[in-house]
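A.B. asks: The structure that follows is given in the form of structure tokens.
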Amino acid sequence: MALAESRTRGAPSTASQPAWLQNVNPVAILVGAVILIMPAIASSFILTQIFGWAYMLGTIALSLMFLAGYGGTVSLAQMTIAGFAGYIVAILGVNGVPGGMGWPWWLAVPAALALSMIGGAIIGALAVRTEGIYTIMITLAIAAAFYYFTNENYAIFNGHTGIDGVPTPVFLGVDWHAPIPFYYLTLAVAVLCWLAVSYVARTPFGLALQGIRDNPRRMAALGFNVNAHRIAAYVFAALIAALGGILLVWSYGEIAPGTVSVSAAIDILVIAVVGGIGNPIGAFIGALIYAVLKTFALDFLVAFGLDGNRYRLLIGLGFLAIVFFSPDGVIGLWARWRHRARRGSPRSQPPGGGHG
């Protein structure tokens, strides 16, 4: 008894600690610190082609995660929304194609976001009339139709060559196309979108949406408009995807039909599933894994004397391995590892090691 009391006195009491301190995750603090100082320790290639690309793709995948994780519906049209926003910015703004409208970025971007949200509402109105595999098929059909439309339309989208010469804005005296400023720009957008999704998930709308995901009939019986909530979710997801698409066109200075291809739409689904469809941060984890694999898979295959064009096979095998061991993605693997670590920790054992 005396020994137990002495241990109790010597150990810090979590009840006496502030609430915010009890919720602090040391791993999250470490990762956040590394992300903030990344420009000081990484090359421009790593900043833009790995992390910057991961932030942009993760933002688009985050919109899919919101629909699937909180709304219970899988949309393959999120890359279509992102590409549509990119096309609008390229068409309305300054570009290298004759006939550009030449709007300043602060007019072109709001117009692109507004039109993308309208497009999201239209896609949502069509998708909510279906369920399950039919929702996936109708959104895939929309993605394929938009791809072929942009590929064959020269009057607006300049056909298969796309639109180039799209400059990244210069404001606040900063050239945001430079590697370090663009890195922080993509990071800021990613963090804001992650915070927005995390906040909306806890609002009455987000809680109602999760209730509709679990039992739409019961929520309808309680007086909730199921279809209206789902369409609103598509609109919110379209806003997030559009932000990612605008960053993509600024990053490359151009946009072409390949950006909105069916394979690109499926890549977003792969990113969301690999990271973990049930947690907003999973979209960015999956995007980082995808960016690393796609960037270095070619070199890896060539080093072993294999055809470098088979890099998608390596990405596919990585996807299958993660899903096989953890259907809820990397987030699920991390959660299970932490659970096992806690169960095996000496602090989790009863006093005296469990002996009588």
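The values are calculated or read from the model by the stated rules, or taken from the named source; none is laboratory data. Because the structure is a prediction, the values reported are computed rather than measured. Glycine gets a Cβ as well: all are built from the backbone with ideal geometry, and neighbour counts include every protein chain shown.
A.B. asks: Consider region 108-133. How many of its residues are in contact (Cβ under 8 Å) with a residue 12 or more places away in the chain, under 15 Å from A242 (Cα atoms) and not small (G, A, S)?
C.D. replies: Number satisfying all stated conditions: 5.
A.B. asks: Just give me the residues in region 138-158 being touching a Ser or Thr at 6+ places or on another chain (Cβ under 8 Å) and in a helix (DSSP H, G or I), in sequence order. Write out each step before concluding.
C.D. replies: Quick first cut of region 138-158, residues touching a Ser or Thr at 6+ places or on another chain (Cβ under 8 Å) only: 138-139, 142-143, 146-147, 157.
Result: I138, T139, I142, A143, F146, Y147.
A.B. asks: Of the residues that sit in region 276-304 and are part of a loop (DSSP other than H, G, I, E, B) and in contact (Cβ under 8 Å) with a residue 24 or more places away in the chain, which one is nearest to G332 (Cα to Cα)?
C.D. replies: Among those that are part of a loop (DSSP other than H, G, I, E, B) and in contact (Cβ under 8 Å) with a residue 24 or more places away in the chain, it is G276.
A.B. asks: Another question, then. Can you work out which of the residues in region 271-298 that are β-branched (V, I, T) and surrounded by fewer than 21 Cβ atoms within 10 Å (Cβ to Cβ) is modelled with the highest pLDDT? Talk me through it step by step, then tell me what you get.
C.D. replies: Filtering region 271-298 down to residues β-branched (V, I, T) leaves 271, 273-274, 277, 281, 285, 289, 292, 295.
With surrounded by fewer than 21 Cβ atoms within 10 Å (Cβ to Cβ) added as a condition, the list becomes 281, 292, 295.
Details: I281: 91, V292: 88, T295: 84.
So, considering only residues that are β-branched (V, I, T) and surrounded by fewer than 21 Cβ atoms within 10 Å (Cβ to Cβ), the one modelled with the highest pLDDT is I281.
A.B. asks: It is to be established whether one or more residues within region 38-48 are part of a helix (DSSP H, G or I), in contact (Cβ under 8 Å) with a residue 24 or more places away in the chain and under 18 Å from the mean Cα position of the chain (by Cα).
C.D. replies: Yes: region 38-48 contains one or more residues that are part of a helix (DSSP H, G or I), in contact (Cβ under 8 Å) with a residue 24 or more places away in the chain and under 18 Å from the mean Cα position of the chain (by Cα).
A.B. asks: If you don't mind, another one. Consider L207 carefully, then state whether it is closer than 26 Å to A54 by Cα and at pLDDT 95 or above.
C.D. replies: When the stated conditions are applied, L207 does not pass them.
A.B. asks: Related question: Just wondering, is there one or more residues in region 283-296 that are within 23 Å of I163 (Cβ to Cβ) and either out of contact with any His (no Cβ under 6 Å at 6 or more places or on another chain) or of a type in the set (D, E) (or both)?
C.D. replies: There is no residue in region 283-296 that is within 23 Å of I163 (Cβ to Cβ) and either out of contact with any His (no Cβ under 6 Å at 6 or more places or on another chain) or of a type in the set (D, E) (or both).
A.B. asks: Of a type outside the set (K, R) and surrounded by fewer than 21 Cβ atoms within 10 Å (Cβ to Cβ): does that describe L243?
C.D. replies: So L243 does not fit the description; no.
A.B. asks: Sticking with this one: Are any residues in region 76-105 assigned to a helix (DSSP H, G or I) and either without any contact (Cβ under 8 Å) to a residue 24 or more places away in the chain or of a type outside the set (A, V, I, L, M, F, W, C) (or both), and if so, which ones?
C.D. replies: Hits for region 76-105 are Q78, T80, G83, G86, Y87, L92.
A.B. asks: Further question: Assess whether I212 counts as being over 27 Å from I91 (Cα atoms) and of a type outside the set (F, W, Y).
C.D. replies: Here the answer is yes, as I212 does meet what is asked.
A.B. asks: In region 246-273, which residues are among the charged types (D, E, K, R) and in a helix (DSSP H, G or I)?
C.D. replies: Residue satisfying the conditions is D267 alone.
A.B. asks: Could you list, in sequence order, all residues of region 207-228 that are under 21 Å from the mean Cα position of the chain (by Cα) and either crowded, with 24+ Cβ neighbours inside 10 Å or among the acidic types (D, E) (or both)?
C.D. replies: L209
A.B. asks: When you scan region 159-190, how many residues do you find that are part of a strand (DSSP E or B) and buried (at least 16 other Cβ atoms within 10 Å of the Cβ)? It would help to see each step written out before you state the result.
C.D. replies: Let us first name the residues in region 159-190 that are part of a strand (DSSP E or B), namely 163, 170-171, 174-175.
With buried (at least 16 other Cβ atoms within 10 Å of the Cβ) added as a condition, the list becomes 163.
Summing the residues that are part of a strand (DSSP E or B) and buried (at least 16 other Cβ atoms within 10 Å of the Cβ) in region 159-190 gives 1.
A.B. asks: Further question: Looking only at region 191-223, how many residues end up being over 21 Å from I246 (Cβ atoms) and either small (G, A, S) or in a helix (DSSP H, G or I) (or both)?
C.D. replies: The qualifying residues number 21.
A.B. asks: Moving on. What pairs can you find where one residue is in region 153-181 and over 19 Å from S44 (Cα atoms), the other is at pLDDT below 90 and surrounded by fewer than 16 Cβ atoms within 10 Å (Cβ to Cβ), and their Cβ atoms are less than 6 Å apart, with a gap of 6+ or different chains?
C.D. replies: D164/G96; G165/G96
A.B. asks: If a residue must be surrounded by 18 or more Cβ atoms within 10 Å (Cβ to Cβ), over 20 Å from the mean Cα position of the chain (by Cα) and either closer than 19 Å to A256 by Cα or of a type in the set (G, A, S) (or both), how many such residues does region 116-141 contain?
C.D. replies: Selection size over region 116-141: 1.
A.B. asks: What are the residues in region 36-62 that are loosely packed, with under 15 Cβ neighbours inside 10 Å and either under 14 Å from P181 (Cα atoms) or of a type in the set (D, E) (or both), if any?
C.D. replies: Filtering region 36-62 down to residues loosely packed, with under 15 Cβ neighbours inside 10 Å leaves 36-37, 40-41, 43-45.
L36, I37, A40, S43, S44, F45 - these are the residues of region 36-62 that are loosely packed, with under 15 Cβ neighbours inside 10 Å and either under 14 Å from P181 (Cα atoms) or of a type in the set (D, E) (or both).
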